[in-house]
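Q: One structure, pasted below without further comment.
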Amino acid sequence: MDAYNAPMKNHAHDSIRAIIWQDHHLRLLDQRWLPQETRYLDLHTAKDTAAAIRDMAVRGAPAIGVTAAYAVVLAARQAYARYRENWLAHMQEDVETLAQARPTAVNLFWAIDVMREHCAAIPKGQDPEALLLEAATRIHEEDIAANRRMGELGAALIQGGRDVLTHCNTGSLATGGYGTALGVIRSAYAAGHIQTVFADETRPWLQGARLTAWELVQDEIPVCLLCEGAAASLMREGRVSWAIVGADRIAANGDAANKIGTYSLAVAARHHGVKFMVVAPTTTIDMQAADGDAIPIEQRSADEVLELGGQRVAARGAQAWNPSFDVTPASLIDAIVTEKGVVTEPTREKMQNLMKS
Ligand code: MRU
């Protein structure tokens with residue numbers, strides 16, 4: 001396969017694809033430069049791809065998983081070129097590096113496990129590239145299909161043309177394409193169920209201001225930014241009916257880890273009678289994590305809080321606490337929307353039934 005253009009990108013309100021397999025390598029839209037510049041990273045090795053994940057050129061749980069799947073193709077190709085028969089053993093170090101890129105999004109580990117199984121099934125001595133590329137492409141396509149299904153299911157929950165609030169970036173940039181929470185928003189907007197999207201700016205990486213606003217402007221969906229500290233006031237004024245977010249990992253009891261600030265949004269939503277929806281494919285559900293306490297939370301550099309755009313903004317001498325994610329307890333979630341169905345008021349038993357279905 002020479003060029004891979006993910007399907008379904010011509011639907012209305014769905015014009016962006018950030019992960020592309022092209023001319024035998026991986027091409028990523030480098031999200032660190034958006035919205036000021038559209039730059040691409042051309043990646044030929046798994047190690048460089050791991051660095052792109054770690055350094056946030058690509059981010060968002062499903063996007064990290066899809067990217068890792070393609071990175072396994074690169075690792076296998078490099079190992080096969082050098083070691084032939086023993087490519088499988090020689091790619092393990094690269095796969096380990098990939099697995100260490102970021103700790104919270106379970107999609108990374110899910111995708112690596114799936115790709116490992118495909119590697120193990122390839123007959124000894126056979127060139128692995130074509131089979132592995134097919135597997136990675138399938139992961140990519142299935143993620144987009146899951147997002148479109150979640151879009152339909154989530155949009156059906158939103159009635160009546162009221163506005164919604166979202167946090168971080170959960171759109172085409174954060175997934176194989178279309179988006180999770182932003183996919184629901186795209187579908188709900190297309191169906192006339194919402195008019196304006198309120199988006200938290202999302203400190204410290206500003207995924208809301210830089211990425212969600214960019215995506216929605218590209219796709220001509222009205223977007224209004226706010227500092228996340230303003231979210232409770234927005235709810236108090238009765239301006240939004242739903243808060244809709246994604247997840248990096250959902251535990252077996254329905255507790256959901258997502259971008260820092262999601263938990264306070266859920267607390268405020270419950271206080272103000274605003275419904276709270278988590279949208280994530282089943283590849284984001286980790287049944288091995290009994291509850292939210294078992295989810296590893298990435299701690300990032302204090303500089304991300306002390307600085308803005310590389311410029312120091314905090315008083316010299318101040319320290320900073322910078323957890324990248326928090327956990328929203330299942331009791332604050334009204335609906336978890338997956339491609340397999342919707343779980344309302346999630347419990348351990350309901351999550352088990354969903355995963356068995
Ligand atoms: O640190 P990031 O930008 O990778 O965090 C992303 C999020 O928290 C998203 O909400 C989550 O991955 C869901 S993306 C569909």
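Q: Tally the residues that are open to solvent by 10 Å² or more (accessible area, probe 1.4 Å) and away from the ligand (no atom under 13 Å from the Cβ), restricting the search to the range 60-86.
A: Qualifying residue count for the region: 9.
Q: Output the residues belonging to the range 177-192 that are aromatic (F, W, Y) and either within 16 Å of the ligand (Cβ to nearest atom) or closer than 30 Å to V313 by Cβ (or both).
A: Within the range 177-192, just Y178 meets the criteria.
Q: Identify the single condition in (1) in a helix (DSSP H, G or I); (2) open to solvent by less than 10 Å² (accessible area, probe 1.4 Å) that A57 does not satisfy, given that it satisfies every other one.
A: Just one mismatch for A57, condition (1).
Q: Scan the range 160-167 and give yes if some residue there is closer than 30 Å to A230 by Cβ, modelled with pLDDT under 95 and either surrounded by fewer than 15 Cβ atoms within 10 Å (Cβ to Cβ) or hydrophobic (A, V, I, L, M, F, W, C) (or both), otherwise no.
A: yes
Q: Could you say which residue among A146, A174, A120 is away from the ligand (no atom under 16 Å from the Cβ), among the hydrophobic types (A, V, I, L, M, F, W, C) and either open to solvent by 10 Å² or more (accessible area, probe 1.4 Å) or within 24 Å of Y70 (Cα to Cα) (or both)?
A: Testing whether each residue is away from the ligand (no atom under 16 Å from the Cβ), among the hydrophobic types (A, V, I, L, M, F, W, C) and either open to solvent by 10 Å² or more (accessible area, probe 1.4 Å) or within 24 Å of Y70 (Cα to Cα) (or both) leaves just A120.
Q: Picking from G154, G177, G171, which residue would you name as being under 18 Å from P222 (Cβ atoms) and in contact (Cβ under 8 Å) with a residue 60 or more places away in the chain?
A: G171
Q: Can you name every residue in the range 286-300 that is over 7 Å from A251 (Cα atoms) and open to solvent by 50 Å² or more (accessible area, probe 1.4 Å)?
A: Across the range 286-300, the qualifying residues are Q288, D293, A294, P296, I297, Q299.
Q: Scanning for something farther than 26 Å from G151 by Cβ and out of contact with any helix residue (DSSP H, G or I) (no Cβ under 9 Å at 6 or more places or on another chain), does the range 275-293 turn up at least one residue?
A: yes
Q: Taking the condition of being open to solvent by 20 Å² or more (accessible area, probe 1.4 Å) and within 16 Å of the ligand (Cβ to nearest atom), how many residues in the range 18-40 meet it?
A: 3
Q: On to the next question. Against the definition (open to solvent by 50 Å² or more (accessible area, probe 1.4 Å), under 17 Å from the mean Cα position of the chain (by Cα) and not β-branched (V, I, T)), how does P281 come out, yes or no?
A: It is false that P281 is open to solvent by 50 Å² or more (accessible area, probe 1.4 Å), under 17 Å from the mean Cα position of the chain (by Cα) and not β-branched (V, I, T).
The values are calculated or read from the model by the stated rules, or taken from the named source; none is laboratory data. Here the structure is a predicted model, which is why all the values come from computation and not from measurement. Backbone-built Cβ (ideal geometry, glycine too); neighbour counts: all protein chains shown. Ligands, DNA and RNA are excluded from the accessible area calculation, which covers all protein heavy atoms including side chains. Shrake-Rupley method; radii C 1.70, N 1.55, O 1.52, S 1.80 Å.
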